[in-house]
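The values are calculated or read from the model by the stated rules, or taken from the named source; none is laboratory data. The model shown is predicted, which means the values in this text are computed figures rather than measured ones. With ideal geometry, Cβ positions are generated from the backbone for all residues, glycine too; neighbour counts draw on all protein chains shown. Note: areas computed on protein heavy atoms with side chains; ligands, DNA, RNA excluded. Shrake-Rupley method; radii C 1.70, N 1.55, O 1.52, S 1.80 Å.
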Amino acid sequence: MSYENLKLSNRDGILWVTVDRPSKLNALNVATMAELDRAVDEIENDDQIHAVVITGAGDKAFVAGADIAELNTLGPEEAKEFSLRGQRIFARIEGLSKPVVAAVNGYALGGGCELAMACHLRIATSNAVFGQPEVKLGLIPGYAGTQRLPRLIGKGRALEILLTGRNVSAEEAERIGLVNRVVEPVELTQAVTDLLGAILRNGPLAVAHCLEAVQYGLEMSFDDASLLEATLFGLCGASEEMAEGTAAFLERRKPQFRSE
Ligand code: COA
């Protein structure tokens, strides 16, 4: 598949998806969003992709937001449609059964912060800058930032960031739980590769079930979510993966989860 605004590269089963509009600080225009949607199709369907990294081209920005030039022309119906479409694409990223890490290498503002939050895990460089500055444009976040931010960092902290539109440094982002880890720019690729390596050593089905239990369970009642967990636990019991993992422990050897 060909892409104009994304670069895709599969390195040892990890698909690196680079948003590639550096002259616009990788702002997400409609064409780029459509390409992200197509990339998700590819990720879902390609057995050679075990995990995903989303990052930005250049050394200045992850993604500096939705494309403000496009926002400027939207009427009310179009704006709602714009928001729903973006929400759907980001929900598809979050709903993937393969782990997705945001490698945040600079500005992650507006839709960029929302994209990072739609990923399962986030590693940022020390010069990364987060924020939801939409209120400064007379807007609110439209790609579910009003929902993911409070779920990640709590309502009070989220409201302060949403209502002021202020920037959040990488150091603060790490302190409040907006990112998992901060590293120096030269360490980013290795840090992301190491993190995914630690995940990919585990049973792929178990990893997928963990993602599903957390992703869907968090929006359910505790009892319903616990039942979901038990059901997924039951599915593990039916898997070759659990047979191999437990046998390997008992035989004091490393489990062999993947055939390749
Ligand atoms: N949408 C469209 N274009 C954007 C953009 C966005 N969200 N963010 C940056 N750009 C473009 C700029 O218009 C500029 O294009 P030009 O060279 O053709 O004029 C280019 O990217 C470089 O940006 P510039 O503002 O010159 O860089 P800077 O280093 O001075 O400032 C930022 C960097 C991130 C602080 C600034 O670009 C910014 O505030 N961007 C908007 C952030 C935002 O509000 N995002 C939420 C949108 S809903």
Output the number of residues of the range 36-56 satisfying the condition of being assigned to a helix (DSSP H, G or I) and open to solvent by 40 Å² or more (accessible area, probe 1.4 Å). 5
Of those in the range 244-260 that are open to solvent by 60 Å² or more (accessible area, probe 1.4 Å) and part of a helix (DSSP H, G or I), the residue farthest from residue 202 (Cα to Cα) is 250
Condition test on residue 63, is it surrounded by 15 or more Cβ atoms within 10 Å (Cβ to Cβ), of a type in the set (Val, Ile, Thr) and within 16 Å of the ligand (Cβ to nearest atom)? yes
For the range 52-69, does any single residue satisfy the condition of being within 14 Å of residue 144 (Cβ to Cβ) and modelled with pLDDT of 95 or more? yes
Would a scan of the range 18-35 turn up a residue that is touching a Pro at 6+ places or on another chain (Cβ under 7 Å) and in a strand (DSSP E or B)? no
Look at residue 81 and say whether it is among the acidic types (Asp, Glu), more than 15 Å from the ligand (Cβ to nearest atom) and surrounded by fewer than 23 Cβ atoms within 10 Å (Cβ to Cβ). yes
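Can you tell me which residue within the range 213-243, out of those that are in a helix (DSSP H, G or I) and acidic (Asp, Glu), is most open to solvent (accessible area, probe 1.4 Å)?
Looking at residues that are in a helix (DSSP H, G or I) and acidic (Asp, Glu), I get 240.
Quick check on residue 149: is it in contact (Cβ under 8 Å) with a residue 12 or more places away in the chain and in the same structural domain as residue 12 (by TED's automatic domain parsing)?
Yes, satisfied.
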